[in-house]
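Visitor: Structure below; questions to follow.
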Amino acid sequence: MKKITVLGSTGSIGTQTLDIIRENPDLEAVALAAGQNVDLMEQQIREFRPRIACMWSEEAAADLRIRVADLPVRIVSGMEGLLETAACEQGQIVVTAVVGMIGIRPTIAAIESGKTIALANKETLVTAGHLILPLAREKNVPILPVDSEHSAIFQSLQGRGDNPIHKILLTASGGPFRGKSREELERVTLEDALHHPNWSMGKKVTVDSATLVNKALEVMEARWLFDVELDRIQVVVHPQSIVHSAVEYEDGAVIAQMGLPDMKLPIQYAILYPERRAMRARRMDLFEIASLTFEKPDTGTFPGLVLGYEAARRGGSMPTVFNAANEMAVRLFLERRIRFVQIPQIIEAAMKRHRVLENPNVQEILDTEGETYEFISREMRI
């Protein structure tokens, strides 16, 4: 029996993780954490009977305690509760599916407790990869990627042996605005941005896909996960989202992982690794797909990708600024307070005013996040 902790259990990745647990009787959800969705958390507790459950706010936790008073579950709240949940004694695998830099400290707590990490939180490695990877090596803790692209790379590396990677081919769908000009982007709406052509994801990730910032974050994450230089990570726009990513080896061979767009496959692969197990899903039909196409990303129209490479090359605290500025800009866009084209503009402005810390610790990373938020709120008068 594999015992699973799900951080972010009411979100898109979290609910799909619980679908997989539901379908496999040898998997058990022993700990859950969520933000504010008390209704769904109550349903999850009643179905999966975890030992501990965390809500971000104490108000939500208090409500939940009343609702599940008839069950033997410990309800906690806030960062301390999240850390306790991540380190839950019964948990063996921690699925880190919370959104944002809130995921850094619980990921560290899980690693320090010896848990296997199924990583679905990009921000953890983007901002703190220089802390997370050495700690995982010290504790001998595997970090298994859940993102479809990083899972595809990981799968394409099976059987690699000591052979070096020549290049990682990181695929991108291009999002809902692929092929549009900068002038056309001036007029797009929130509803347009949230209409992804291939994937069903949370709002924040969907907007990130539309700006290509999501791909910039994935480049930074891949750098840490697979220990490759930035110049060996090439972003390839692949509108069909069938090739999820690939690895090119020194001899020119390219090994790719393909499949229909379905996040359950990489989630299940991370949880059950190295086992592959049958799952209920539509199968890929190459005759139906018929053709696959590949394009260079339009970095002139979508400067977020260029800014991401720039932040990664500068290193230190700059990736934190990139990530934090994007998080706040996307939040403002979702609240209809800025236009779509302002998202990369805000990121660039925040990066230009930042004085880099070369090797930030966790507190300095979080301080940099707060300073970036403050700059955007005050200096840009948004």
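The values are calculated or read from the model by the stated rules, or taken from the named source; none is laboratory data. Nothing here was measured: the structure is a model prediction, and the numbers come from that model. All Cβ positions, glycine included, derive from the backbone under ideal geometry; neighbour counts span all protein chains shown.
Visitor: Report, by residue number, each residue of segment 263-291 that is out of contact with any strand residue (DSSP E or B) (no Cβ under 7 Å at 6 or more places or on another chain), part of a helix (DSSP H, G or I) and either surrounded by fewer than 10 Cβ atoms within 10 Å (Cβ to Cβ) or among the small types (Gly, Ala, Ser) (or both).
Guide: The answer is 287, 288.
Visitor: While we're looking at this one, here's another question. Of all residues in segment 229-261, count the ones that are more than 20 Å from residue 216 (Cβ to Cβ) and acidic (Asp, Glu).
Guide: Number of matching residues: 3.
Visitor: Right, another one. Look through 277, 336 and report the one residue that is over 30 Å from residue 117 (Cα atoms) and of a type outside the set (A, V, I, L, M).
Guide: 336
Visitor: Considering only residues that are aliphatic (A, V, I, L, M) and within 24 Å of residue 114 (Cα to Cα), which ones fall in segment 158-180? If you could, list the steps in order and put the result at the bottom.
Guide: Of segment 158-180, the ones aliphatic (A, V, I, L, M) are 165, 168-170, 172.
None - no residue of segment 158-180 is aliphatic (A, V, I, L, M) and within 24 Å of residue 114 (Cα to Cα), so the list stays empty.
Visitor: Sticking with this one: Check 169, 144 and return the single one that is under 15 Å from the mean Cα position of the chain (by Cα) and not in a helix (DSSP H, G or I).
Guide: Exactly one of 169, 144 is under 15 Å from the mean Cα position of the chain (by Cα) and not in a helix (DSSP H, G or I), namely 144.
Visitor: Looking only at segment 93-116, count how many residues are aliphatic (A, V, I, L, M), in a strand (DSSP E or B) and crowded, with 24+ Cβ neighbours inside 10 Å. Spell out the reasoning first.
Guide: Residues of segment 93-116 that are aliphatic (A, V, I, L, M), as a first pass: 93-95, 97-99, 101-102, 104, 108-111.
Remaining after also requiring in a strand (DSSP E or B): 93-95.
Going one step further and asking which of them are crowded, with 24+ Cβ neighbours inside 10 Å, we end up with 94-95.
Counting residues in segment 93-116 that are aliphatic (A, V, I, L, M), in a strand (DSSP E or B) and crowded, with 24+ Cβ neighbours inside 10 Å gives 2.
Visitor: Assuming residue 204 fulfils every condition listed in (1) in a helix (DSSP H, G or I); (2) crowded, with 21+ Cβ neighbours inside 10 Å apart from one, which condition is it?
Guide: (2)
Visitor: Would a scan of segment 320-331 turn up a residue that is surrounded by 12 or more Cβ atoms within 10 Å (Cβ to Cβ), under 18 Å from the mean Cα position of the chain (by Cα), small (Gly, Ala, Ser) and farther than 28 Å from residue 135 by Cβ?
Guide: yes
Visitor: Is there a residue being crowded, with 24+ Cβ neighbours inside 10 Å, under 17 Å from the mean Cα position of the chain (by Cα) and not β-branched (Val, Ile, Thr) anywhere in segment 129-139? Reasoning before the result, please.
Guide: Taking segment 129-139 and keeping what is crowded, with 24+ Cβ neighbours inside 10 Å, we get none.
Scanning segment 129-139, I find no residue that is crowded, with 24+ Cβ neighbours inside 10 Å, under 17 Å from the mean Cα position of the chain (by Cα) and not β-branched (Val, Ile, Thr), so the answer is no.
Visitor: If the requirement is being assigned to a helix (DSSP H, G or I), out of contact with any strand residue (DSSP E or B) (no Cβ under 6 Å at 6 or more places or on another chain) and crowded, with 17+ Cβ neighbours inside 10 Å, which of these qualifies: 347, 338?
Guide: Step by step, each of 347, 338 is checked, and only 347 is assigned to a helix (DSSP H, G or I), out of contact with any strand residue (DSSP E or B) (no Cβ under 6 Å at 6 or more places or on another chain) and crowded, with 17+ Cβ neighbours inside 10 Å.
Visitor: Report, by residue number, each residue of segment 229-262 that is assigned to a loop (DSSP other than H, G, I, E, B) and loosely packed, with under 15 Cβ neighbours inside 10 Å.
Guide: Residues satisfying the conditions are 229, 250, 251, 252, 253.
Visitor: Taking interchain pairs and intrachain pairs at least six residues apart, which have beta carbon atoms under 7 angstrom, with the first residue in segment 23-51 and closer than 19 Å to residue 70 by Cα and at pLDDT 95 or above and the second among the charged types (D, E, K, R) and part of a loop (DSSP other than H, G, I, E, B)?
Guide: Cβ pairs passing all conditions: 30/51; 31/51.
Visitor: Right, next: Residue check: is residue 90 surrounded by 16 or more Cβ atoms within 10 Å (Cβ to Cβ) and over 30 Å from residue 216 (Cβ atoms)?
Guide: no
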